[in-house]
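Coordinate-derived values only; no laboratory data. What you are looking at is a predicted structure, and each value in this text was computed from that prediction instead of being measured. A quick note on method: Cβ atoms are made from the backbone with ideal geometry, for glycine too, and the neighbour counts reach across all protein chains shown.
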Amino acid sequence: MGTTVNLLDAWSPYKAASTALNNTLEPSNIREQATKYAGKLEKLKSPLDKYLTEGVLTEEFVLDNIPKMMNVMREGNVTLRWLMLHTCALSASADQNKRCRQLREQVLTDSKYNPLVVFQLLLNIGQFEFKLKEMFKQMLAEKQAKWEDHKKEGSERMQELGEVFSGTKPLTRVEKNENLQAWFTEMSKQIGSLNYDDSTSAGRKIVQLIQALEEVQEFHQLESNLQVKQFLADTRKYLHQMIRTINIKEEVLITIQIVGDLSYAWDIIDSYTSYMQQGIKRDPSLVIKLRATFLKMASALDLPLMRINQAMSPDLMSVSQYYSGELVAYVRKVLQIIPQTMFGLLARIITMQTAQIKEVPTRLEKDKMKEFAQLDERYEVAKLTHSISVFTEGILMMKTTLVGIIKIDPKQLLEDGIRKELVQQVALALHKGLMFNPKAKVSELLPKLHELGSRMDGFRRSFEYIQDYVNIYGLKIWQEEVSRIINYNVEQECNSFLRTKVQDWQSIYQSTAIPIPRYAPVDESVNFIGRLAREIIRITDPRVTSYIDQMKAWYDVKTKQEQVNRTLFQRIQRAVGSFGLAGLDRLLCFMMVKELQAYLMVAQRCLMNPRDKTIHDLLSGFSQSLSPVSGIVGQPQKLYSTMTSKVKSMVPTFLDMILKVGQMQLLRKQIAHELNTSCKFDSKVFANALQTMNNALLADIERHYQDPSLPYPKEENPLMFELTAYLESAGFHDPFSKIYITTKRLPFFALFNFLIVISNLPKLVYSKSISGMVAKKPQDPLDSPPFVAGCITVLKQFHSEYTDVFLAYLGQYIRSVVEVLPGNKSQDLPQDVLNTLVFLEDFINYSGLTRKVVEAHVPMYLFDEFRSQFAQ
């Protein structure tokens, strides 16, 4: 399909063929041919313009001028074929042949080749063929009905004239004439006997009948009676129409199909794409003519498909589908200039609406009316809006078209084009807007989010503004495409955490018609969502910042300056929407899973290594020393310091992972809060429906466990799975209660985590001003909230008994240290005990456990004692 070869280059290895070709390639012959076709190009313009003038191509005109029109069509297609083939760009091999280049240059020079003129001829020929084809199809469909109608009318006219000459109609004032009466009655019968199926003999007979009618008018002086004369003229007219109708033959359509074949230009046509797009930009109504050109190209499929069909090949559908798809893709490519131009105009509207036009307040003082009117700016916006609506009108004029076996709906084409352009613009804005310099002294995150938020807000507002002028659902398209971009980028970013990657062609978010662009990574992240997540993690690093839960903010450990607060998540919401926040949350989940898996792997290596049982035996000894957990150990300071000193070398590795997990959990908590708040504000009914559904489902599950005979939501029921996705996107979830990885039983795991905690608690000190723990030494920083959150999450991945044992060890530690204190009541609790009690309070607060769980291991009065101690 569309494969063309340069014969001079292709036949060069064959001596006889090259010699035969040389006769044709004489410079004089080339000049003659080029000049001839250049002349034809000029001559064809006039008849084509005439035929394409509105109202010229009527049924009578077409039927009377078929030969002339077919000649023009032939001339036009031959000229088009010669010029397009001889002026097209040379193939790689032909371009290296000096003679090929020279001949092409000569053709271009001698024919005074102007691609715009050739393109105009292609448009006109395509439109002319399309109109003619449509008319002939309609005439063929109505051919028999019209024939019978004309025959009936002519026969009735003759019958009536017979009655007129009978003298029985007094009002006609025509004398009785039996001969004429008999003649007209016979004529009526003759017309009625004409047979549509035998068109050849019927045609001859009609010619004779027309002559007879002319003669009867002449010899019998019937001109004097206007009524009779009119009847005769009408009958002749109907008979003429019958002859014309006979001449409507399917051969004309077949000839148009053969003559108009454009399969040779399947590849060449792409070189005219820029001219098509420039033409559309200047005059959007050009799309109507382009429709005819696309249909002319589609007709190139007919011949190859007919051969495949004749061969009864099973590949008919797949081949047809492939080439139709290619053609539709080309149509989309050409027409994409409309959305591109629209978005260019839209960019100016955005600038004016965000930077120049002031928002009119609800109440406006009369003397400020002129200031807010901004007539010039509003006129400019109206002018740009009109231009956009003109482009829309241009593409909608195209009407639904069948290209090959694929139906193109122009409204859908326009919407897809707008979606494609929107995706390109938004993806680029997100890519460029979220690039950060990690070496910057002050984080660029907040300013960049503010700038991106303004850009996205401008896009959304202008989209809302033009949706009525373009006749699209602006908000629906905006939400669908932005969510698709975000989800696709989240999916690609999460690929780095997966063994089996989700490829582009497998992604449910990617589309061939409206592709999401992929940009080259600028750092370790795959795309903008990864850069955003890593920048947030960098500036809230527990080693350099301290999180204060009451303020929901992170502060620099050294300068005590606020680094990030809750407004960060509001800015993210404004910049990338709730889809972006939910995507960020999902990515943090993947990052946490990676850290938890690493934690588990190292823990398994330490606790279950069959070759090296040193740590296992060590912990086994500790476990026996602390047994029973409900009791009190003797000489606690010595025993616990011995334990922590023996595992000291391993603690930093585990601490790093715990802090990372805890930090991401705190970030997820903030994201969930922001999602939940915005959902309740923007979609009250949706939020209430979700909450009610969730409560109902949980109540059902609880009832099932209380009474197992009651039904339980089955595993194959997708309700729970689907509801979870909705709940997470609306912020109705608790990150601390989630299980992220599957685990096996690990011996002494609770004891090991207990040792990690008591090893690190001395690094902290209670601060009254923030009512929480902070790092004791700035040079050895440790942030308490991520530490607590990390411990909760790690323990949550195992059976709940591990958490109970862990809390029991902490309770035993507190009771043992308090037991050995001197009996003096004024004695304050030691710092280690105070830190552990604060840790336990935070543990309860973040994990959502009840106080009773801890009170089973730590007496209530100790909590009261340490609170009163801090109050002093």
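Values as computed for the structure displayed
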quantity: Full-stretch length increase - Lys146, Val390 - with 0.36 nm per residue and alpha-carbon distance subtracted; calculated: 83.8 nm
quantity: Extension gain from Ile254 to Asp656, taking 0.36 nm per residue of separation minus the Cα-Cα distance; calculated: 136.8 nm
quantity: Paramagnetic reach from Lys36 (point 7 Å along Cα→Cβ, amide N under 15 Å) across the stretch 99-136; calculated: 111
quantity: FRET efficiency, Thr850 to Gln637 (Cβ-Cβ, R0 30 Å, nearest 0.05); calculated: 0.45
quantity: For the stretch 573-871, size of Cβ-based charge dipole, Lys and Arg +1, Asp and Glu -1, in debye; calculated: 700 debye
quantity: Proximal charge balance of Cys494 [Cβ under 11 Å; K/R count +1, D/E count -1]; calculated: +1
quantity: Packing-based ranking, highest mean first, of 572-583, 292-303, 681-692 given that Cβ atoms within 10 Å are counted; calculated: 572-583, 292-303, 681-692
quantity: Links that overshoot a 21 Å alpha carbon limit, given the list Lys738/Lys763; Lys501/Lys594; Lys133/Lys289; Lys50/Lys131; Lys36/Lys112; Lys648/Lys669; calculated: Lys738/Lys763; Lys648/Lys669
quantity: Over the stretch 573-871, relative contact order from alpha-carbon pairs under 8 Å, at least 6 apart, %; calculated: 25 percent
quantity: Around Pro781: net Lys/Arg minus Asp/Glu count, Cβ-Cβ under 11 Å; calculated: +1
quantity: Separation in nanometres of the label points that stand 7 Å from Cα toward Cβ, at Gln691 and Lys45; calculated: 7.4 nm
quantity: Estimated FRET transfer efficiency (Ile739, Ile357; beta-carbon r; R0 41 Å; 0.05); calculated: 0.20
quantity: In order through the stretch 645-652: 3J(HN,Hα) via Karplus (6.51 cos²θ - 1.76 cosθ + 1.60), integer Hz, x for Gly, Pro; calculated: 5, 6, 9, 4, 5, 8, 4, x
quantity: Candidates per chymotrypsin sites (Phe, Trp or Tyr not before Pro) in the stretch 585-642, loop by DSSP, up to 15 other Cβ within 10 Å; calculated: none
quantity: Long-range amide H partners of Ala553 with built H, under 5 Å; calculated: Ile548
quantity: In sequence order, calculated HN-Hα J values of the stretch 760-765 (Karplus, 6.51, -1.76, 1.60; Hz; x Gly/Pro); calculated: 9, 4, x, 6, 10, 9
quantity: In order through the stretch 371-382: 3J(HN,Hα) via Karplus (6.51 cos²θ - 1.76 cosθ + 1.60), integer Hz, x for Gly, Pro; calculated: 5, 8, 5, 6, 4, 4, 5, 5, 5, 4, 5, 4
quantity: FRET efficiency, 1/(1 + (r/R0)^6) with R0 30 Å, evaluated for Leu303 and Lys501 via beta carbons; calculated: 0.10
quantity: Label point distance in nm, Asp864-Arg74, each placed 7 Å from Cα along Cα→Cβ; calculated: 11.4 nm
quantity: Dipole of the chain [Lys/Arg +1, Asp/Glu -1 at C-beta], most positive-end residue of Tyr861, Val5, Leu90; calculated: Tyr861
quantity: The stretch 578-605 and the stretch 457-518: distance between their alpha carbon centers, rounded to Å; calculated: 24 Å
quantity: Ratio Rg/Rh [Cα only; Rh per Kirkwood] for the chain; calculated: 1.20
quantity: Dipole magnitude of the chain, debye to nearest 20 (Cβ charges: Lys/Arg +1, Asp/Glu -1, about Cα centre); calculated: 2380 debye
quantity: Neighbour net charge for Leu80 - beta-carbon separation under 15 angstrom, K R +1, D E -1; calculated: +4
quantity: Subset of Lys249/Lys296; Lys15/Lys40; Lys40/Lys296 violating a 28 Å alpha-carbon distance limit; calculated: Lys15/Lys40
quantity: Estimated distance in nm for a label pair at Gln230 and Ala373, the labels positioned 7 Å out from Cα along Cα-to-Cβ; calculated: 6.4 nm
